[in-house]
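I have placed the structure first, in the form of structure tokens, so that the comments after it can refer back to it.
The values are calculated or read from the model by the stated rules, or taken from the named source; none is laboratory data. Please read these numbers as outputs of a predicted model, since none were measured by experiment. Positions of Cβ are generated from backbone atoms using ideal geometry, with glycine treated the same way; all protein chains shown enter the neighbour counts.
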Amino acid sequence: MADKQSILNELENSVKTLDQAAAVEGAKKAIAAGVSPVEAIDALSRGIREVGEKFAKKEMFVVELIYAASIMEEAIKLLEPELKKSREKRHSTANFVLGTVAGDIHDIGKNLVKIMLEAGGFEVHDIGKDAQTETFISKSKEVGAGIAGASSLMTTTVDVQKEIVDALRSAGVKAPLMVGGAAVSEEWAKEIGAHYCADAGTAAELAKHLIGKGA
Ligand code: B1M
């Protein structure tokens, strides 16, 4: 059986080289070898970030970016049940309204955050990508959200997170807003009165802390 490092390398390279068969094979090998699904997804993420860098330098085209994302999604589909195995059978911790901000269609990271929040016992109401600010507000009111979360990957859409915080407060919704995504920083979150979350792995823990139910 292949060792862990070579499986992780295979996963990372499969995205970089746009090799869907290798990504699927790598994910299957990771599961068979008991490699942590979080580490496997981290490896895929390293691959796609490199594709993003090449795209920024015009060494790759948008069509290749799209294909790389679809390869990553295929591999995540296989790994998702492994991630979910840790899901605890208990009543939900709180309603969590989650979406990617208006104008932004990136949702791979958001979907991973959703999996981890559900595994942590949250009832996640996923309003999707390119979600209008008004939808964050109306869904939060509808489900009595204990917390909301907005993902943004682009510098051109990050301001929408501030719009969401302001709209939540104007509407009298007290739920804290968690923000994350490649375009977001701790400083930005503080500036707009939101809470920064760097990765899916820490999302549930932070959310529990924010609603005052955990460490
Ligand atoms: Co686009 N894209 N893209 N893209 N893309 C970026 C973001 C970019 C940085 C690439 C680059 O140029 N280097 C750049 C943005 C530049 C900027 O900031 N202005 C960019 C661009 C320009 C674009 C387009 C405009 C390209 C075009 O059409 N000309 C277009 C956008 C259209 C639009 O949104 N209106 C576009 C499109 C796409 C694809 C559709 C091809 C595809 C997305 C597919 C999909 O999501 N279904 C795509 C991809 C794949 C990327 C990169 C390469 C990778 C993103 C990704 O999935 N990463 C990205 C480069 C980069 O991020 N460095 C790039 C893996 C994922 C697991 O990580 O999403 O960061 P991430 O999520 C992490 C954490 O950030 C965190 O947890 C996750 C897991 O640990 N997290 C949260 C995320 N959200 C969170 C929310 C939380 C908490 C944690 O709480 C609520």
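Number of residues in region 128-149 that are surrounded by fewer than 20 Cβ atoms within 10 Å (Cβ to Cβ) and within 12 Å of the ligand (Cβ to nearest atom) equals 3. So, I137, is that one over 24 Å from P37 (Cα atoms) and at pLDDT below 95 or not? It is false that I137 is over 24 Å from P37 (Cα atoms) and at pLDDT below 95. Applying the criterion of being under 11 Å from the mean Cα position of the chain (by Cα) and assigned to a helix (DSSP H, G or I) to the residues of region 167-201, the residue that is surrounded by the fewest Cβ atoms within 10 Å (Cβ to Cβ) is G201. Test K110 against the criterion of being under 12 Å from the mean Cα position of the chain (by Cα) and not hydroxyl-bearing (S, T, Y), and give yes or no. Yes, satisfied. Can you name the number of the only condition in (1) within 23 Å of T93 (Cβ to Cβ); (2) modelled with pLDDT of 95 or more that A204 fails? In the conditions (1) within 23 Å of T93 (Cβ to Cβ); (2) modelled with pLDDT of 95 or more, A204 misses (2) alone.
State whether one or more residues within region 8-30 are assigned to a helix (DSSP H, G or I), at pLDDT below 95 and under 20 Å from the mean Cα position of the chain (by Cα). No - not one qualifying residue is present in region 8-30.
How about region 80-162: which strands (runs of 3 or more DSSP E) wholly inside it have at least 1 residues that are on the phi > 0 side of the Ramachandran plot?
123-131
Checking each residue in region 42-73 for being in contact with a helix residue (DSSP H, G or I) (Cβ under 6 Å, 6 or more places away or on another chain), assigned to a helix (DSSP H, G or I) and more than 8 Å from the ligand (Cβ to nearest atom) picks out A43, R46, G47, E50, I71. Of the residues making up region 170-201, just one is in contact with a Gly (Cβ under 8 Å, 6 or more places away or on another chain), modelled with pLDDT under 95 and not hydrophobic (A, V, I, L, M, F, W, C), namely D199.
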